[in-house]
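Report on the structure given below.
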Amino acid sequence: MALAAADLTLHELRLALAPAIADAAIFDGWSDGALVSASELEGIDPDVARLAFPGGAMEMIAAWIDTIDAAMNQALSREALAVMKIRQRITALVQARLFAVAGREEALRRALAIMAMPQNIARSARLGWASADRMWRAAGDTATDYNHYTKRAILASLYAATLAVFVDDESDGKADTHAFLARRIENVMQFEKAKAQLLRPSDERFSVTRFLGRLRYPSR
């Protein structure tokens, strides 16, 4: 069904066109050609569509990421996530994002290449951070101290690494990607446990010195 551009804001138009641009990017890359193909498919004047993507390829990719965020939130309600353990929530949220890009691996590969260009690294880092933030918020995270930042930095790194595996994964049902994700999340959980131990009050932490002292001078 053709979109009624006159009824959409530029932001709404970006989101409406992004999936079609991603489909076209499989063949044309994240180019003006992909934008024109998507616009014509959706019945939008390409000149109007260009107004929604003044930054070119990175604007198109950012819009696609926004639609992936929306698909993730639609796939997993707060009620569904609430009954899961934190490990399950993060796994489900990442998997929902992978499902949203399935079938568009070539578009993803081309997007990752563009995002890795030196002039785009800062913007790409912000996009990765924003996606990690949305995942943690969906998972119910309310941290406001430095944990807020470390959790998002770690998840952004985990997600980026998982995408790198996913894009070239030819195993049945992306089994290799899911196994990689499970291992990485296990590593993160172990790190969080270790960090929690280190951050316990000093009088609650195990002290080798105190332990040896008690062996030498046992309490009476």
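Rule-based calculations on the coordinates, nothing more; no lab input. Given the structure is predicted, the values throughout are model-derived calculations rather than measurements. Quick reminder, even Gly has a Cβ in these numbers, built from the backbone with ideal geometry, and neighbours come from all protein chains shown.
Below is a table of values for the structure above.
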{"quantity": "Using alpha carbons only: equivalent-ellipsoid semi-axes of segment 27-112, gyration tensor based, whole Å", "calculated": "31, 14, 10"}
{"quantity": "Burial ordering of TYR159, TYR149, fewest other beta-carbon atoms within 10 Å first", "calculated": "TYR149, TYR159"}
{"quantity": "Relative contact order (percent, whole number), segment 1-112, Cα cutoff 8 Å, 6+ residue spacing", "calculated": "32"}
{"quantity": "Alpha carbon convex hull of segment 81-140, projected area averaged over orientations, nm²", "calculated": "4.4"}
{"quantity": "Diffusion constant of segment 1-54 at 25 °C, which comes from Stokes-Einstein with the Kirkwood Cα-pair radius and 0.890 mPa s, µm²/s", "calculated": "231"}
{"quantity": "Ascending count of other beta-carbon atoms within 10 Å, so fewest first, for PHE180, PHE166", "calculated": "PHE180, PHE166"}
{"quantity": "Between segment 142-192 and segment 1-60, the Cα center-to-center distance that results, in Å", "calculated": "30"}
{"quantity": "Sorted by Cβ neighbour density within 10 Å, fewest at the top, the residues HIS178, HIS148, HIS11", "calculated": "HIS11, HIS148, HIS178"}
